[in-house]
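Have a look at the structure below before the remarks.
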Amino acid sequence: MSELNSEFNTELRATPTAIDGLVFYDLPVHGDNRGWFKENWQREKMTALGLPDFAPVQNNISFNAEAGVTRGLHAEPWDKYISVATGSVFGAWCDLREGSPTYGKVATTTITVDRAVYVPRGVANGFQALEDGTAYTYLVNDHWSPEASYSFVNLADPSLGIDWPLPLTEVSDKDRNHPPLERARPVPPRRILVTGAAGQLGSALRAQFPDAEFLTHNDLDITSPDLDSARPWRQYSTIINAAAYTNVDAAETTGRATAWAVNAAGVANLARIAAANQITLVHVSSDYVFDGTATGAYSENAPLCPVGVYGQSKAAGDIAAATAPRHYVVRTSWVIGDGPNFVATMASLDARGIAPKVVDDQIGRLSFTVDIAAGIKHLLNSDAEFGIYNLSNSGEAVSWAQIARAVYDDPGQVTGVSTAEYFADKPGAAPRPLNSVLDLSRIEAAGFHAPPWRDRLGDYLEGIRNR
């Protein structure tokens, strides 16, 4: 073994730093009289050691002709993995992530060929070349964009306490004029994107996620072949997909193609994007993925068995959403929120003195959007296990007719009829599941308990009657 080789590390090691998520990696380097070899980034070994599987998309090299060249401190909205191919640098980092427990903290180290550094998104990065001809190389997991937001901190700010080894003579005017830490702009976290924001669930999600980006169909068409380039996807942490084609009857005829495009193909598009960009996909689904013939409540692992086109398209969407590694499929039933819905219709009929006929052989529970949104937030904030979750309000399972009677001041005004009788004079009506009761055991085990639907119904009726 040569003397050159004996100076290098022989074991792969990770060393945490004062900055949360910033990690130094010692790399094994094998050398002899001809030179050296190293595995600069080896996904399987390094993820096993704790390196995030950050999916780099670009490799950059900064060549520094002379010792003393100093660059930084720049905080970009992407993760970096830094090393050198030749020479050595003194590296310095400052945490500029909004809300980070280590905001403003500084870490430094010397990077030689046997050391690498993982730099999380929003941590400002700078370095000084210690040798002539230093090649500084870094992997990043997003492409530079003129629309992206970048933050900076002055590398000579005395509050950082960085002891640069060489005089700060080879620094660009731009870098010299970056603001000190006290005036630096924090880097915000990745955002949540909500699709289908104009639907019933939209306003409830706005209340739970006020900082999210909300897009209607006019803003973002999830069926578009250009969806991959429609947004800066790497800047999102989560997609909540509330977009859906919900005209159950039209889905059987004139809306069939649209139902499949939105409820199935569109979800597949989002799942592909989520997988490629390490995004968590939350997809809102329906009890219509079942045929309603079960004798008890449907669990999350009950076989899919839809009977109509709407249910079939939603079932296909569930399967598509599950292809995203980080996914929550949230199945709901009998949704009640802002906009036209069954409870609002019954309240209107009651106010006008109209006595309705309502089906009494379809059984389920209401799902108020305020609780669907709260349940989604709970899943995301609690880092619950990925997968399918039933989410409706709790309480006894009842028929549509019983719910109508709970709305009416005089329950006797409501006449119960069978589904077959109700739809006898309505040709083209889609089949409905008679049993829409969802088993809530899994989401309750995850720590979320929706209130009984009767309690929420009272609040809802008071709200719409006071408008």
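The values are calculated or read from the model by the stated rules, or taken from the named source; none is laboratory data. Source: prediction; values computed, not measured. Heads up, the Cβs are rebuilt from the backbone with ideal geometry, glycines too, and the neighbour counts pull from every protein chain shown. Heads up: the accessible areas ignore ligands, DNA and RNA and are worked out on the full protein's heavy atoms, side chains in. Shrake-Rupley method; radii C 1.70, N 1.55, O 1.52, S 1.80 Å.
Among the residues of region 31-52, those identified as of a type outside the set (Ser, Thr, Tyr) and open to solvent by less than 60 Å² (accessible area, probe 1.4 Å) are GLY31, ASP32, GLY35, LYS38, ASN40, GLN42, MET46, GLY50, LEU51, PRO52. On the given criteria, is ALA429 hydrophobic (A, V, I, L, M, F, W, C) and closer than 25 Å to GLN200 by Cα? So ALA429 fits the description; yes.
Table: residues versus (1) within 22 Å of the chain's Cα centre (by Cα); (2) open to solvent by less than 40 Å² (accessible area, probe 1.4 Å); (3) aliphatic (A, V, I, L, M); (4) more than 14 Å from ALA404 (Cβ to Cβ).
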residue: ALA320; (1), (2), (3), (4): yes, yes, yes, yes
residue: ALA324; (1), (2), (3), (4): yes, yes, yes, yes
residue: TYR328; (1), (2), (3), (4): yes, yes, no, yes
residue: ARG331; (1), (2), (3), (4): yes, yes, no, yes
residue: GLY337; (1), (2), (3), (4): no, yes, no, yes
residue: ALA344; (1), (2), (3), (4): no, yes, yes, no
residue: ILE354; (1), (2), (3), (4): no, no, yes, no
residue: ASP371; (1), (2), (3), (4): yes, yes, no, yes
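Answer yes or no as to whether GLY31 is touching a helix residue (DSSP H, G or I) at 6+ places or on another chain (Cβ under 6 Å), assigned to a strand (DSSP E or B) and small (Gly, Ala, Ser). Break it down stepwise before answering.
Details: touching a helix residue (DSSP H, G or I) at 6+ places or on another chain (Cβ under 6 Å): yes; assigned to a strand (DSSP E or B): yes; small (Gly, Ala, Ser): yes.
Yes, satisfied.
Once region 362-405 is narrowed to residues that are among the charged types (D, E, K, R) and in contact (Cβ under 8 Å) with a residue 60 or more places away in the chain, the residue that is nearest to ARG191 (Cα to Cα) is LYS377.
Take ALA401 and decide whether it is more than 26 Å from GLU252 (Cβ to Cβ), buried (at least 18 other Cβ atoms within 10 Å of the Cβ), among the hydrophobic types (A, V, I, L, M, F, W, C) and touching a Lys or Arg at 6+ places or on another chain (Cβ under 9 Å). Please lay out each step first, then the result.
Numbers: more than 26 Å from GLU252 (Cβ to Cβ): no; buried (at least 18 other Cβ atoms within 10 Å of the Cβ): yes; among the hydrophobic types (A, V, I, L, M, F, W, C): yes; touching a Lys or Arg at 6+ places or on another chain (Cβ under 9 Å): yes.
Criteria not met by ALA401.
Filter region 375-433 down to residues that are in a helix (DSSP H, G or I), among the polar types (S, T, N, Q) and farther than 14 Å from LYS357 by Cα, then give me how many there are. Matching residues across region 375-433 total 1. Within region 123-143, restricting attention to residues that are touching a Phe, Trp or Tyr at 6+ places or on another chain (Cβ under 9 Å) and assigned to a loop (DSSP other than H, G, I, E, B), the residue that is most open to solvent (accessible area, probe 1.4 Å) is HIS143. Here ARG234, ARG272, ARG185 are screened, and the one residue that is more than 25 Å from GLY364 (Cβ to Cβ), part of a loop (DSSP other than H, G, I, E, B) and not polar (S, T, N, Q) is ARG185. Kindly indicate whether ARG234 is open to solvent by less than 30 Å² (accessible area, probe 1.4 Å), under 30 Å from VAL106 (Cβ atoms) and either at pLDDT below 95 or touching a helix residue (DSSP H, G or I) at 6+ places or on another chain (Cβ under 7 Å) (or both). Answer is yes for this residue. Take the conditions within 15 Å of THR137 (Cα to Cα) and either surrounded by fewer than 19 Cβ atoms within 10 Å (Cβ to Cβ) or touching a Phe, Trp or Tyr at 6+ places or on another chain (Cβ under 9 Å) (or both) and apply them to LYS105. Does it pass? For LYS105, the condition - within 15 Å of THR137 (Cα to Cα) and either surrounded by fewer than 19 Cβ atoms within 10 Å (Cβ to Cβ) or touching a Phe, Trp or Tyr at 6+ places or on another chain (Cβ under 9 Å) (or both) - is not met.
Residue count for region 219-230 under the criterion of being over 24 Å from GLN200 (Cα atoms) and part of a loop (DSSP other than H, G, I, E, B): the result is 3. Mind listing just one residue for me: the one in region 61-83 that is open to solvent by less than 50 Å² (accessible area, probe 1.4 Å) and touching a Ser or Thr at 6+ places or on another chain (Cβ under 7 Å) and, of those, nearest to PRO232 (Cα to Cα)? Among those that are open to solvent by less than 50 Å² (accessible area, probe 1.4 Å) and touching a Ser or Thr at 6+ places or on another chain (Cβ under 7 Å), it is PRO77. Looking only at residues in region 237-262 that are part of a loop (DSSP other than H, G, I, E, B) and over 17 Å from LEU281 (Cβ atoms), the one that is least open to solvent (accessible area, probe 1.4 Å) is GLY255.
For region 352-374, enumerate the residues that are part of a loop (DSSP other than H, G, I, E, B) and of a type in the set (Val, Ile, Thr). Please lay out each step first, then the result.
Within region 352-374, the first condition is being part of a loop (DSSP other than H, G, I, E, B), and the residues that meet it are 352-356, 360-362, 365-366.
Result: ILE354, single match.
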